[in-house]
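The values are calculated or read from the model by the stated rules, or taken from the named source; none is laboratory data. Here the structure is a predicted model, which is why all the values come from computation and not from measurement. Every residue, glycine as well, gets a Cβ built from its backbone with ideal geometry; the counts of neighbours run over all protein chains shown.
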Amino acid sequence: MAKAVYLAGPEVFLPNARAILDEKIALTRAAGLVPVAPGDLEFPPTDTQWQLGLAISAIDEKLMRSADAIIANLTPFRGLATDTGTAFELGFMCALGCPVFAYTNVAQTHGERVRDHYGDLCVTDDAGRLRGPDGLAIEDFGFADNLMLHGGVLNRDGAVVIGNAAPGTELTDLTAFREILAIAAARLA
């Protein structure tokens, strides 16, 4: 029986979200897996945005519980790091004990992105630890994102594919997705 894979990522915010999700869904099916994606279920009518947000959260948790594994898009979103919703979804699936896989379309590590963001304002403290101008340590383990995300995947025998999409295509380039999908399909077979 084919394994169901939850497809997490910030693509849901794109103007052409449905088209990107449909392409990822088709690729997932072609890889012999059953795709489970946010937006697969219809949202119930609600009276307020607050209620709609709660409904979407509950639906996404239901979808994740129906999946056997996750592929999470860790491409930085609206800043230096992974989309917070995707981070939650990855952690949720880790907590359920599911196989986890991830990819990013940005080749720079988390530490490199933070250092580039602060530039010359970074300082090295007396202990040799790099810090931002706010005095906070800069996490730099060579991971695609925070150590709990990248490490969480690797500590569960998953894989993280590091892509390098052209500027402006970071959320639409599916090259790294195809690569991690092939890895996931092989491991889940």
Q: Just give me the residues in the range 28-72 being surrounded by 14 or more Cβ atoms within 10 Å (Cβ to Cβ), more than 17 Å from the chain's Cα centre (by Cα) and at pLDDT below 90, in sequence order.
A: Asp40, Leu41
Q | Considering residues of the range 146-170 that are part of a loop (DSSP other than H, G, I, E, B) and touching a strand residue (DSSP E or B) at 6+ places or on another chain (Cβ under 8 Å) only, the residue farthest from Phe13 (Cα to Cα) | A | Arg156
Q: Just need a number here: residues in the range 17-57 that are touching a residue at least 24 places away in the same chain (Cβ under 8 Å) and closer than 19 Å to Thr86 by Cβ.
A: 11
Q) Which of the residues belonging to the range 178-187 are among the hydrophobic types (A, V, I, L, M, F, W, C) and out of contact with any strand residue (DSSP E or B) (no Cβ under 6 Å at 6 or more places or on another chain)? A) Leu181, Ala182, Ile183, Ala185, Ala186
Q) Of the residues Phe101, Phe143, which is touching a helix residue (DSSP H, G or I) at 6+ places or on another chain (Cβ under 8 Å), assigned to a loop (DSSP other than H, G, I, E, B) and buried (at least 18 other Cβ atoms within 10 Å of the Cβ)? A) Phe143
Q) Which of the following residues is in a helix (DSSP H, G or I) and either out of contact with any strand residue (DSSP E or B) (no Cβ under 9 Å at 6 or more places or on another chain) or in the same structural domain as Tyr118 (by TED's automatic domain parsing) (or both): Leu52, Leu41, Leu80? A) Leu52
(Q) among the hydrophobic types (A, V, I, L, M, F, W, C) and more than 17 Å from the chain's Cα centre (by Cα): which single residue out of Ala182, Ala166, Ala144, Ala159 fits that description? (A) Ala166
**Q.** Residue count, the range 123-140 (criterion: out of contact with any strand residue (DSSP E or B) (no Cβ under 6 Å at 6 or more places or on another chain) and surrounded by 11 or more Cβ atoms within 10 Å (Cβ to Cβ))
**A.** 4
Q. Looking at the range 104-137, which of the residues that are in a loop (DSSP other than H, G, I, E, B) and aliphatic (A, V, I, L, M) is farthest from Glu61 (Cα to Cα)?
A. Ala127
Q. Say we look at the range 3-15 and pick out the residues that are out of contact with any Lys or Arg (no Cβ under 9 Å at 6 or more places or on another chain) and in contact (Cβ under 8 Å) with a residue 24 or more places away in the chain; which of these is nearest to Arg187 (Cα to Cα)?
A. Lys3
Q. Does Arg115 count as surrounded by 14 or more Cβ atoms within 10 Å (Cβ to Cβ) and free of Cβ contacts under 8 Å to residues at least 24 places away in the same chain?
A. no
